[in-house]
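**Student:** Quick one: structure below, then a few questions.
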Amino acid sequence: GAGVSQSPSNKVTEKGKDVELRCDPISGHTALYWYRQSLGQGLEFLIYFQGNSAPDKSGLPSDRFSAERTGGSVSTLTIQRTQQEDSAVYLCASSLDPRSTEAFFGQGTRLTVV
Amino acid sequence: GENVEQHPSTLSVQEGDSAVIKCTYSDSASNYFPWYKQELGKGPQLIIDIRSNVGEKKDQRIAVTLNKTAKHFSLHITETQPEDSAVYFCAVTTNSNSGYALNFGKGTSLLVTP
């Protein structure tokens, strides 16, 4: 596609349920990043993928958060047993390769936990 | 970890005036300093960046200056227009096992009034 695509755009879930957020990076981009944007914390790095492997998961806030990437393309961020503090906008970005500085962001998934 | 401070948090200017946003960082190893613009409901978009071996960079009405000794860098927007109204984020990073994972400032909400 022309840009980074994220789905769904909005997600409302009940506390305790699991959610999956999807990211389709720009075709050919090998580096993929997940960030979280919340009012209190601003934009926080969560996890970085190079191809299908994740050399840096240091930003994941707890073991309820996990992510995978398959085929060097689509990535899924999964949040288990969601809590109200997980409410935020989850942003995905991709870049051509690990040495490329410019990251292209998707429009984000707004997650609301009620 | 890297600490990025951004000021001011809000900025209101008259159309045609200049706007300046400043950021400081803590990690002297940081070598890449991008600025992102985020409009409502969209993901951040790169508007200008600078590397540590350069002191200033210009692109039409926007410019970025970097002082590595003092560990601060600034975004300058001249001849502001209403369409410049958005949230601006500075970021800091260095290429590592995390690719170019970004450490963001908290953002500046810029309002340009006609």
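The values are calculated or read from the model by the stated rules, or taken from the named source; none is laboratory data. These numbers come from a predicted model, not from an experiment. Please note: Cβ atoms are built from the backbone with ideal geometry, for glycine as well, and neighbour counts cover all protein chains shown. SASA here: full protein model, heavy atoms, side chains in, ligands and nucleic acids out. Shrake-Rupley method; radii C 1.70, N 1.55, O 1.52, S 1.80 Å.
**Student:** Select the strands (runs of 3 or more DSSP E) contained entirely in the stretch A:9-64, then report the ones holding at least 1 residues which are modelled with pLDDT of 95 or more.
**Tutor:** So the answer is A:10-13, A:19-24, A:31-38, A:42-50.
**Student:** Identify all residues within the stretch B:71-114 that are of a type in the set (G, A, S) and farther than 15 Å from B:Y32 by Cα; write none if there are none.
**Tutor:** Across the stretch B:71-114, the qualifying residues are B:S85, B:A86, B:G107, B:S109.
**Student:** Could I ask something else about it? In the list A:T78, A:T82, which residue meets the criterion of being assigned to a loop (DSSP other than H, G, I, E, B) and under 20 Å from A:V113 (Cα atoms)?
**Tutor:** Working: A:T78 fails: assigned to a loop (DSSP other than H, G, I, E, B).
None of the others qualify; the one that does is A:T82.
**Student:** Also: For the stretch A:45-77, enumerate the residues that are open to solvent by 50 Å² or more (accessible area, probe 1.4 Å) and either within 14 Å of chain B (Cβ to nearest Cβ) or not hydroxyl-bearing (S, T, Y) (or both).
**Tutor:** Passing the criteria: A:Q50, A:N52, A:S53, A:P55, A:K57, A:S58, A:P61, A:D63, A:E68, A:G71.
**Student:** Among the residues of the stretch A:97-108, is any closer than 20 Å to B:S96 by Cα, small (G, A, S) and over 14 Å from the mean Cα position of the chain (by Cα)?
**Tutor:** Within the stretch A:97-108, one or more residues are closer than 20 Å to B:S96 by Cα, small (G, A, S) and over 14 Å from the mean Cα position of the chain (by Cα).
**Student:** For the stretch B:85-108, state whether one or more residues are assigned to a strand (DSSP E or B), open to solvent by 50 Å² or more (accessible area, probe 1.4 Å) and within 12 Å of chain A (Cβ to nearest Cβ).
**Tutor:** As a first pass, look at the stretch B:85-108 and keep what is assigned to a strand (DSSP E or B): B:86-93, B:96, B:99, B:103-104, B:108.
Checking the rest, the ones that are also open to solvent by 50 Å² or more (accessible area, probe 1.4 Å) come to B:96, B:103.
Next, only the ones that are within 12 Å of chain A (Cβ to nearest Cβ) stay: B:96, B:103.
Taking every residue of the stretch B:85-108 in turn, at least one turns out to be assigned to a strand (DSSP E or B), open to solvent by 50 Å² or more (accessible area, probe 1.4 Å) and within 12 Å of chain A (Cβ to nearest Cβ).
**Student:** Let me ask something else. Criterion first (within 12 Å of the chain's Cα centre (by Cα), of a type outside the set (F, W, Y) and surrounded by 14 or more Cβ atoms within 10 Å (Cβ to Cβ)) does A:Q6 satisfy it? Can you show your working first?
**Tutor:** Working: within 12 Å of the chain's Cα centre (by Cα): yes; of a type outside the set (F, W, Y): yes; surrounded by 14 or more Cβ atoms within 10 Å (Cβ to Cβ): yes.
Judged against the criteria, A:Q6 is a match.
**Student:** Then there's this: Among B:Q38, B:Q45, which is crowded, with 17+ Cβ neighbours inside 10 Å and within 13 Å of chain A (Cβ to nearest Cβ)?
**Tutor:** When all the criteria are applied, what remains is B:Q38.
**Student:** With the checklist (1) touching a Leu at 6+ places or on another chain (Cβ under 7 Å); (2) over 21 Å from A:E44 (Cα atoms) in hand, flag the one item B:W35 doesn't pass.
**Tutor:** (2)
**Student:** Report whether or not A:Q80 is loosely packed, with under 13 Cβ neighbours inside 10 Å, at pLDDT 95 or above and more than 10 Å from chain B (Cβ to nearest Cβ). Outline the logic, then answer.
**Tutor:** On the way: loosely packed, with under 13 Cβ neighbours inside 10 Å: no; at pLDDT 95 or above: yes; more than 10 Å from chain B (Cβ to nearest Cβ): yes.
Spelling it out, it is not the case that A:Q80 is loosely packed, with under 13 Cβ neighbours inside 10 Å, at pLDDT 95 or above and more than 10 Å from chain B (Cβ to nearest Cβ).
**Student:** I'm checking my understanding of the structure. Among residues of the stretch A:96-114 that are at pLDDT 95 or above and within 14 Å of chain B (Cβ to nearest Cβ), which one is most open to solvent (accessible area, probe 1.4 Å)?
**Tutor:** A:R110
**Student:** Report whether or not B:T78 is among the polar types (S, T, N, Q), more than 17 Å from B:V112 (Cα to Cα) and surrounded by 13 or more Cβ atoms within 10 Å (Cβ to Cβ).
**Tutor:** no
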